[in-house]
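Q: Sharing a structure with you now.
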Amino acid sequence: MATVHLFKGRKWLGWYNSPGSYTIAKQFGQIAASRFWDGLFPGPNETPAISFGLDGRQGPKYVASLSGTEMQTGHLGYLTMQRAKEEKGLIRIEGRKTAPGNVAFLELKDVKYDGKISQRNLGNSLFVFIPILTSFAACIMCALVADWFSFSMILLGIISSGVASLVIGSGELSLDTVTKPAPGAPPGDGMLIGDDTVIVVKGAEKDVNAITKGKFLLTIVGEPVYNRIGLCSLLLVQFLLQLLLIPQGSLFGQIMFLGTLGVSWAYNSYLSSLEKEKIQVKVLFKKLGKPKMRKFRLGTRTSMTVFACLLVCDGMESPYGGINPGKILRDFIPNDTQVWQRWRNKVTLQMKEGKASSESESWTYLELDQDDKSHLAESDIKLLTTLLNDAKSAFDGYHEYFASS
């Protein structure tokens, strides 16, 4: 049921005898919002999207590079971060290795907010015809031997599952977000910041809003009471009636009934093995226009920070349209010792003066000067040299894959 909205035609393929349970009925029954349904299925009245696992996850923090806005993203931000973590096309940037981190680059262009989200093709979901044929065959066999108790209970299971799938699966999935930013709003460029992965997102604000402020919206007939969902949840409790009447049937009928449950249980287990979030990621990125994501692996958090900062400023003329590279570096690495202050100043100066230079890969501003040697202890000089070498690795990687293209 949790993925019925993500595949074309899945709502028509629920006609098999599936074991019901109060737990499942309660989960969906809580969508129905009235005193009657709240009495049968107590608990909070969640939205359809949350009940079906299409919303509710907390995503990574998003920092807008131009406006400086910081916000906590939701479910779609979480899916985008999962997409970055699962990206297989990994490019490794040479350099020192201590605590490796990833930087992904995602550019969004002209996201369409026109109507519902297109569903995926059924594919392996066609296996559903196995439990459907098994259930109907068992139903016919029970009728041939005049075992009407078993016949009626198998048929009840088929009808309950089919109707519930049809009604619940009739919802339309769409992407809801702020599609019309304020006039004159700057680009939505920024960063999604995870534990060991940073996603640099580029694009107009209306396009980036799909990830930062967007959510899946599941529209089902009957809002806001959803009586149809409540009735379908009652049907899913058919196991109580089956538990009472199946013992009245013949041994053959009982075997047929258990056979249908076994086949449908195997199919439901197969459906449960499908990673729901991966399917949602594919649906989301198809809606975003199938943007390509490039993922880079850097050996230290220092080099990861510099590389992410370079990507944020990529394509902008100095002074980067209002972006403050020093602030971005400080947000990632807030250490405020003399060594780190000097390191941030040198990296910022290199970005402002020579980020896009293609003449040489010896970065002039990322070297120790006489002032460093005069005012720093020997141990601090070694540390600063190491940190500057990390920054050079990030600049070299950026120069190779971005500045030269």
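Q: Anything in region 60-78 that is open to solvent by 40 Å² or more (accessible area, probe 1.4 Å), under 20 Å from the mean Cα position of the chain (by Cα) and in contact (Cβ under 8 Å) with a residue 12 or more places away in the chain? List them, or say none.
A: Lys61, Met71, Gln72
Q: I need the strands (runs of 3 or more DSSP E) fully contained in region 4-100, keeping only those with at least 2 residues that are in contact with a Lys or Arg (Cβ under 7 Å, 6 or more places away or on another chain).
A: Qualifying strands (runs of 3 or more DSSP E): 70-72, 90-92.
Q: Here is a follow-up. Under the condition of being of a type in the set (A, V, I, L, M, F, W, C) and in a loop (DSSP other than H, G, I, E, B), which residue from region 101-115 is modelled with the highest pLDDT?
A: Only one residue fits best here, namely Leu108.
Q: Here is a follow-up. Taking Pro131 as the residue in question, decide whether it is buried (at least 20 other Cβ atoms within 10 Å of the Cβ) and out of contact with any Asp or Glu (no Cβ under 9 Å at 6 or more places or on another chain).
A: Yes, satisfied.
Q: Right, here's the next one. Which condition number does Leu261 fail, the rest of (1) in contact (Cβ under 8 Å) with a residue 24 or more places away in the chain; (2) assigned to a loop (DSSP other than H, G, I, E, B) being met?
A: Failed condition: (2).
Q: Now for a separate question. Only residues that are modelled with pLDDT under 85 and open to solvent by 60 Å² or more (accessible area, probe 1.4 Å): list them for region 20-39, please.
A: Tyr22, Thr23, Ile24, Lys26, Gln27
Q: Hey, another quick one. Can you find even one residue in region 278-295 that is farther than 29 Å from His75 by Cβ, out of contact with any Pro (no Cβ under 9 Å at 6 or more places or on another chain) and open to solvent by 60 Å² or more (accessible area, probe 1.4 Å)?
A: The answer is no; no qualifying residue exists.
Q: Something else about it: I'd like to verify a number: residues in region 354-372 that are more than 17 Å from Gly315 (Cα to Cα) and either open to solvent by less than 80 Å² (accessible area, probe 1.4 Å) or modelled with pLDDT under 90 (or both), how many?
A: Looking only at that region, the number is 12.
Q: Tell me which residues, restricted to region 142-162, are under 18 Å from Ser18 (Cα atoms) and open to solvent by 50 Å² or more (accessible area, probe 1.4 Å).
A: Selection gives Phe149, Phe151, Leu155, Ile159.
Q: Now for a separate question. Which of the residues that make up region 176-189 are open to solvent by 50 Å² or more (accessible area, probe 1.4 Å) and part of a loop (DSSP other than H, G, I, E, B)?
A: Within region 176-189, Val178, Thr179, Lys180, Ala182, Pro183, Gly184, Pro186, Pro187 qualify.
Q: Please state which one of Leu192, Leu133, Leu218, Leu173 is in a helix (DSSP H, G or I) and either without any contact (Cβ under 8 Å) to a residue 24 or more places away in the chain or under 26 Å from the mean Cα position of the chain (by Cα) (or both).
A: Leu133
The values are calculated or read from the model by the stated rules, or taken from the named source; none is laboratory data. None of these values were measured; they are calculated from a predicted model. Note: ideal-geometry Cβ built from the backbone for every residue, glycine included; neighbour counts use all protein chains shown. Surface accessibility is based on the protein's heavy atoms, side chains included, excluding ligands, DNA and RNA. Shrake-Rupley method; radii C 1.70, N 1.55, O 1.52, S 1.80 Å.
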